Amino acid sequence: MAGVKRPFEEHRIVGDKRSMLYHDLAAETEGCRIDEIVAAEAIALFGPDHASEARNRGYSPCPHCNSKLE
């Protein structure tokens, strides 16, 4: 899903600062609405780039792209 320029192509896990959900870009679906998050400048990146780091920072898994992983 690539409607707008994504400045985080080297990352797999990204967060939405508004909803406090993290997304796995390797399993992204239309329901993730990543381009809307980018447009709102609400992207959070994690280092290290792992779901465990997103959880450590208080983010919950997106039900669309993380449903099979959690």
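The values are calculated or read from the model by the stated rules, or taken from the named source; none is laboratory data. Everything quoted here is computed from the prediction, not taken from an experiment. The area values use the complete protein model at the heavy-atom level, side chains included, leaving out ligands, DNA and RNA. Shrake-Rupley method; radii C 1.70, N 1.55, O 1.52, S 1.80 Å.
Restricting the calculation to alpha carbons of the chain gives Rg and Dmax of 10.7, 30 angstrom. The residues of the chain present an accessible area of 61 Å² per residue when probed at 1.4 Å with all protein chains retained.
Ligands, DNA and RNA left out, the 1.4 Å accessible surface of the chain is 50% carbon and sulfur atoms.
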